[in-house]
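Inspection log for the structure reproduced underneath, given as structure tokens.
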Amino acid sequence: MSDWRERAEITADVVLFRYVTDPIEQETPEVYVWDLDKTYLDTTFETLKGLLRTVREKAFQKRNIPGTGTLVRALRDDWQEKHKGRKDFPIYFITASPPQLEGKIHDKLAFDGIYPFGLFCKDNLQNIAPKRWWRLTQQLGYKLQALLQLRLHLGPNVRQILWGDDSEADAVIYTLYSDLCSRRLDEKEARQILRHFKVIGQQVDTILRLRDDIPEQDPVEKIYINLAADTDADYYLKFGRRILPTYNTFQLALDLYQDNRLGPAQVVKVAKDLVQNYSFGVEDLENALDELIRRPVLADKTVDAILPTLKENRLIRHDFKPEIAPKPVVSSVGTRIFELEGVTEPWVQEHIDYLRDDR
């Protein structure tokens, strides 16, 4: 295989491998962006031991977060069914893995049946030095720059659905990206926030230059956060209800079903994967469903529609009833539900206090 530098777009430590052409990227109306580490794969970079283990692992040894492989395939199948004649799937992955691992990561995704449009890697091996060690775990500048570079490749009215986790401030990264795209932050505010999160001077300038080059439009439609570090879900209300923290992929599948991005059969596939391969039981699935109803996230019509299928497949008990009644829909656009009865938090917060991090 050729040297990775010959196949990549390199800007400082942000390395992009593109697997499709410009016209395909530009014409795609909706794009999924998935943080690979602790959101799709169980990887760690907090220690030298963790980084070296990740580097040495073979593709088939890389472990999925429970249910993620099945979930992404379900999203792929639904997207292809709705876009007849298309055999691709508009998904990008972002990882803190070094670009030397691109081949292994691509092989692992292919093993899972996923062929992404692109993959971002972080040129992190250069940070294995005493004076640069802190940069191994500082991902905000890297991820934000990667997202803005990706935005340049996509069409002017693209919609993005973003996946992250609670171990690397992904909620901050994704909402900050949204605020930069929409110009809700001026340059002075943006610089102050970036410096607060230890983004170095040159990268701050790069991020703000990229912001000036992209369309003035907020492309972020939904943000999912995997609660890998068990953060309180209520913490994310400060960012608006567009962010949905979830405890497992069954909850993800239920919300994607509500958003008409998955069908009932695909929700069943995700639930069965958790039961058959990850030691989930009926009680675990019932608790996950009940927790989304209590928050409240799932509408009454969503619950009424999916319950018979779950019961028929013996994924929940036939006599199961939620602890509280699901709320009716107050606001929706097409098939997308935006507000349930009794909800007071806005969908998108107009101003977020990024400098204060109360959890």
Within-14-Å neighbourhood charge of residue 328 [Cβ basis; K, R +1; D, E -1]: -2
D_trans [Stokes-Einstein, Kirkwood Rh over alpha-carbon pairs] for the chain, 20 °C, 1.002 mPa s, µm² s⁻¹: 101
Quotient of C-alpha Rg and 2.2 N^0.38 Å, computed over region 213-288: 1.30
Exposed GluC sites (Glu not before Pro) absent: longest stretch of the chain, with sites in DSSP loops and at most 10 other Cβ within 10 Å deemed exposed: 1-215
Residue-span extension gain [residue 198 to residue 107] - 0.36 nm each, minus C-alpha spacing: 29.4 nm
Space enclosed by the convex hull of the alpha-carbon atoms of region 286-359, per residue, Å³: 129
Structure-based [θ]222 nm, the chain - -39500 (n - 2.57) summed over DSSP H runs of at least 4, per residue, nearest 500: -12000 deg cm²/dmol
Fraction of antiparallel bridges per DSSP, region 4-246 only, in percent to nearest 5: 30
5 angstrom amide H check on residue 338, placed H, neighbours 5+ away: 331, 332, 333
For region 151-205: span of alpha carbons on each principal axis (Å, largest first): 29, 26, 19
For the chain, the longest site-free run once chymotrypsin sites (Phe, Trp or Tyr not before Pro) in DSSP loop states with at most 14 other Cβ atoms within 10 Å are removed: 20-277
Region 63-107 pair-distance distribution - Cα-Cα, 5 Å bins, rounded %: 5, 17, 21, 22, 18, 12, 5, 0
Length added when fully stretched, residue 86-residue 230, from 0.36 nm per residue minus Cα-Cα: 48.1 nm
Set 222/311; 84/222; 238/269; 238/272; 38/122; 269/301 screened for pairs whose C-alpha atoms are more than 27 Å apart: 222/311; 238/269; 238/272
Euclidean distance between Cα centres, region 170-199 to region 274-313, Å: 36
Cα-Cα P(r), region 136-178, percent of pairs per 5 Å interval: 5, 20, 33, 24, 12, 4, 1
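Each reported figure results from applying straightforward, stated rules to the coordinates on display, with no laboratory input. The structure displayed is predicted, hence computed values, not measured ones. Cβ sites come from the backbone with ideal geometry, for glycine too, and all protein chains shown count toward neighbours.
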